[in-house]
Amino acid sequence: MDDLSLYVLDITMNSVRAGAKNIEISLVEEGEWLTFSVTDDGCGMSREQVEKLSDPFFTTRKTRKVGLGIPFLKMLSEMTGGCVEIQSTPESESPDAHGTVIKATFGMNHIDFIPLGDMVETVKTLIQGSPLINFTYTHKKADREIRLCCAELRAILGDDISLADFEILAWIDGFLREQYGE
């Protein structure tokens, strides 16, 4: 993957497959550091599964025998002086408070830092593919905060209008790009 937005997409799609109804995507730029996290209320993972996530030959998918997203993310993060942290509580241990948090930190000034990419397209792709999930996207920069909350949009639009409708996705695109100053 050529940019971080694709890793955010990959990790968030894991949350979707885990049955999450609420997913928070957060990017925070502080000084020379970029931290992104994906927090979900999906089924969670056991401690053993979390420990195996760094192994490229471990995956829960049935369609392939390798899972390279987390191992590559970890490598890219560590190459810039950062790290990846994963916390998860399985639904079997905590029926009311389960889910996963994946947090990755990158040194933005490091020569090995890959570009952030097009986060607007990533957010739109997630909403289009899973319009019933409550995605909350926040990107805190030194001079502004970009934010979109699907639950707030649904409260305004009502249940009859899908967030995956072309007109709504076009509005989301413009709304986010305006916040980014594009």
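The values are calculated or read from the model by the stated rules, or taken from the named source; none is laboratory data. In this text the structure is predicted, and so the values were computed from the model without any measurement. A quick note on method: Cβ atoms are made from the backbone with ideal geometry, for glycine too, and the neighbour counts reach across all protein chains shown. Heads up: the accessible areas ignore ligands, DNA and RNA and are worked out on the full protein's heavy atoms, side chains in. Shrake-Rupley method; radii C 1.70, N 1.55, O 1.52, S 1.80 Å.
Based on this model, can you work out whether Thr100 counts as surrounded by fewer than 18 Cβ atoms within 10 Å (Cβ to Cβ) and part of a strand (DSSP E or B)? No: the conditions fail for Thr100. Of all residues in the stretch 123-140, those that are in contact (Cβ under 8 Å) with a residue 24 or more places away in the chain and assigned to a helix (DSSP H, G or I) have Cβ atoms under 8 Å from Cβ atoms of residues that are surrounded by 16 or more Cβ atoms within 10 Å (Cβ to Cβ) and among the polar types (S, T, N, Q), 6 or more apart or on another chain, in Leu126/Thr12. The number of residues in the stretch 10-29 being part of a helix (DSSP H, G or I) and open to solvent by 40 Å² or more (accessible area, probe 1.4 Å) comes to 3.
Taken over the stretch 67-90, the criterion of being under 16 Å from Thr39 (Cβ atoms) and surrounded by fewer than 17 Cβ atoms within 10 Å (Cβ to Cβ) is satisfied by Glu85, Gln87.
Scan the stretch 30-61 for residues that are at pLDDT 95 or above and surrounded by fewer than 17 Cβ atoms within 10 Å (Cβ to Cβ) and jot them down. The answer is Glu30, Gly31, Glu32, Trp33. Whether any residue in the stretch 124-136 is farther than 21 Å from Arg17 by Cβ, surrounded by 14 or more Cβ atoms within 10 Å (Cβ to Cβ) and of a type outside the set (S, T, N, Q) is what I want to check. Within the stretch 124-136, none of the residues are farther than 21 Å from Arg17 by Cβ, surrounded by 14 or more Cβ atoms within 10 Å (Cβ to Cβ) and of a type outside the set (S, T, N, Q). For first residues located in the stretch 155-182 and without any contact (Cβ under 8 Å) to a residue 40 or more places away in the chain, partners that are in a loop (DSSP other than H, G, I, E, B) and lie 6+ apart or on another chain with Cβ distances below 6 Å form the pairs Ser162/Pro131; Leu163/Pro131; Ala164/Pro131. Between a first residue in the stretch 1-26 that is touching a residue at least 12 places away in the same chain (Cβ under 8 Å) and more than 13 Å from Lys103 (Cα to Cα) and a second residue that is charged (D, E, K, R) and open to solvent by less than 40 Å² (accessible area, probe 1.4 Å), which pairs have beta carbons less than 8 Å apart while being 6 or more apart in sequence or on different chains? Cβ pairs passing all conditions: Met1/Asp10; Ser15/Asp40; Ala18/Asp40; Ala20/Asp40; Asn22/Asp40; Ile23/Asp40. Residue count for the stretch 103-122 under the criterion of being part of a helix (DSSP H, G or I) and either among the charged types (D, E, K, R) or surrounded by fewer than 16 Cβ atoms within 10 Å (Cβ to Cβ) (or both): the result is 1. Which residues, counting only those in the stretch 137-149, are of a type outside the set (Ser, Thr, Tyr) and surrounded by 17 or more Cβ atoms within 10 Å (Cβ to Cβ)? Within the stretch 137-149, His139, Ile146, Leu148 meet the criteria.
When you check Gly107 against the structure, is it farther than 24 Å from Asn14 by Cβ, small (Gly, Ala, Ser) and touching a residue at least 60 places away in the same chain (Cβ under 8 Å), yes or no? Yes; evaluated as a whole, the condition is true for this residue.
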